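Working notes for the structure below.
We did not get these values from a lab; they are worked out from the coordinates using the rules stated. All values derive from a computational prediction rather than experimental measurement. No Cβ is skipped: glycine too gets one built from the backbone with ideal geometry, and neighbour counts run over all protein chains shown.
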Amino acid sequence: IDIPAAAWPLKDLPEYLRMRISLAGPAGEELLAGRDPAILRQDMTRVSDTDFFRTVNTRYEKKGITTWDFGDLPDAIEFRDRNKAVWIFYPGLEKNGNAEDCVNLRLFRSRNQANSSHQQGVAALFSIYLSKELKFLKKILKIPAELRPAVDYFGGLKQLESRLYQSVLFDAFRRNVRTVKDFELLARTMLPQIQVKGQEKMDAVRAVMEAFQSTRTIIFDLEQSHRGNTAALVYLEGLRQDLSRLVPETFMELYDNERLAQVTRYAKALSIRARRGLSDLAKDQKRAAELKVYQEKLERLLASLSPATSSEKRKAVEEFFWLLEEYKVSLFAQELKTIVPVSKKRLDEKLTEIERKI
């Protein structure tokens, strides 16, 4: 018998059937307790010794860093307070706000927070450390004139090119590097490849922008030719919103090159649907009704995600999102073909898999 995790209504169980979880501090004292497993993922900042942490961090932190001159960084460091209690804090780099000329070194109370900040800080430090060598990269990442009409949809030319540059740096250098040896090795390894990687990213982004611009133009032209048809205008506005959700301002930061290639195909699928749908709106709406069932389930899944949701479930929900995009191709633009088999049965199986996760 296949019983999904969602079938167990924990909130309806009597309390004595739910395990009690207790989180203890360095001296064995109870900090938090409860019967909800989400307590294990809570931010312990508010229950730790804030004054002690502030004092230790002030002594440890280093600002205005422009090169790796602070020795190797451990994953965690133990400190003893005045009562001999042991506290564990996590060192990491962080970007210096909007400044691009230095980074900071500080302590974090959460390992996940430290790792996330540190990887971005490492990429920012490489940008400073290799600033002379990376000048030519910015020259490659220039939006061509024929795409300038579309840049306003992505925050303007300056912001778009800045995001493009940052996305290439992140792809190459956003790593959990913690020794000067590994830092220098990554610099030697990636620098000869950075121009090629930059050009690959530029090509992928250009393809998405061309598909985005083409699809928007097609939708606009169809709106102009159907100005007196309310049903057609409502239909086209829905497709315009779908396109904006598919290609947000930050698309080059959200998607890797492989995913960008698929986003280009999904944008083309929308243009095919727009033209084909208006020739037989009833047929399109019948297929849209099949799609709507799964779109609503996706929206409920996204709304249900919380800090307590496991990374496995988050990954499965993301996979369902892309599987649904492939389903749209199969319904409305079959000539583009899907990259994976997709059907109602496949979608239902994926939903069952997601429901089994916590």
Check: Expressed in nm to one decimal, what extension gain is obtained for the pair residue 86 and residue 289 from 0.36 nm per residue of sequence separation less their Cα-Cα distance?
Finding: 67.2 nm
Check: What is segment 176-316 by shape, rounded, prolate or oblate, if you read a ≥ b ≥ c off the alpha carbon gyration tensor as root eigenvalues and call it rounded for a/c under 1.5, prolate for a/b larger than b/c, and oblate otherwise?
Finding: oblate
Check: So, in nm, how far is label residue 257 from label residue 300 when the simple model puts each one 7 Å beyond its Cα toward the Cβ?
Finding: 4.0
Check: Using the scaling law 2.2 N^0.38 Å as the reference, what is the normalised Cα Rg of segment 48-98?
Finding: 1.29
Check: For residue 315 and residue 179, what is the calculated FRET efficiency with R₀ set at 45 Å and r taken between the beta-carbons, to the nearest 0.05?
Finding: 0.95
Checklist line | Karplus-derived HN-Hα couplings along segment 20-35 (A = 6.51, B = -1.76, C = 1.60, θ = phi - 60°), whole Hz, x at Gly and Pro | finding: 8, 10, 10, 9, 9, x, x, 9, x, 6, 7, 9, 9, 8, x, 10
Item checked: Size descriptor, Kirkwood hydrodynamic radius, that averages inverse alpha-carbon separations across the chain, Å -> 24.3
Next item on the list: Return one number: the angle in degrees, 0 to 90 and rounded to the nearest 10, between the long axis of the Cα atoms of helix 281-304 and the longest principal axis of the Cα atoms of the chain.
Entry: 10
Margin query: Quick check: the distance between the Cα centres of segment 194-208 and segment 248-320, to the nearest angstrom?
Written below: 24
Notebook entry, point to check: Restricting attention to segment 69-145, which chymotrypsin sites (Phe, Trp or Tyr not before Pro) occupy a DSSP loop and are surrounded by at most 14 other Cβ atoms within 10 Å?
Noted result: 70
Item checked: Rg/Rh for segment 255-349, where both radii come from Cα atoms and Rh is the Kirkwood radius -> 1.00
Margin query: Can you give me the long-range amide H partners of residue 31? Hydrogens built in the peptide plane at 1.01 Å from N, cutoff under 5 Å, separation of 5 or more residues or another chain.
Written below: 23, 24, 25
Item checked: Karplus 3J(HN,Hα) series, Hz, for segment 327-339 with 6.51 cos²θ - 1.76 cosθ + 1.60 (x for Gly, Pro) -> 4, 4, 4, 5, 7, 10, 8, 4, 5, 7, 6, 9, 8
Note to self: Taking the alpha-carbon distance from residue 313 and a cut-off under 25 Å, which lysines remain once sequence neighbours fewer than 8 residues away in the same chain are dropped?
What the structure shows: 11, 292, 297, 328, 344, 345, 350, 357
Margin query: Using only DSSP helix segments of four residues or longer, with each worth -39500 (n - 2.57), what per-residue ellipticity at 222 nm results for the chain after dividing by its residue count and rounding to 500?
Written below: -18500 deg cm²/dmol
Notebook entry, point to check: Looking at segment 69-138, which trypsin sites (Lys or Arg not before Pro) are in a loop (DSSP not H, G, I, E or B) and have at most 13 other Cβ atoms within 10 Å?
Noted result: 82, 84, 132
Check: Label 7 Å along Cα→Cβ of residue 133; segment 73-103 residues with amide nitrogen under 19 Å?
Finding: 101-103
Next item on the list: Calculate the tail of P(r) for segment 27-119: the fraction of all Cα-Cα distances greater than 21 Å, expressed in %.
Entry: 39
Next item on the list: Mind pulling the per residue volume of the convex hull built on the Cα atoms of segment 94-156? Å³ is fine.
Entry: 116
Notebook entry, point to check: Hey, rough spin-label estimate for residue 356 and residue 66, points 7 angstrom out along Cα→Cβ, what's it come to in nanometres?
Noted result: 5.6
Notebook entry, point to check: Which whole-number percentage describes the relative contact order of the chain, with Cα contacts under 8 Å and a sequence gap of 6 or more?
Noted result: 14
Next item on the list: State, to one decimal in nm, how far the label point of residue 189 lies from the label point of residue 78, with both points 7 Å from Cα in the Cβ direction.
Entry: 3.1
Margin query: Full-extension gain between residue 343 and residue 102, please, as 0.36 nm times their residue separation minus the C-alpha to C-alpha distance.
Written below: 81.7 nm
Check: With a ≥ b ≥ c the root eigenvalues of the C-alpha gyration tensor of segment 123-221, is it rounded (a/c under 1.5), prolate (a/b larger than b/c) or oblate?
Finding: prolate
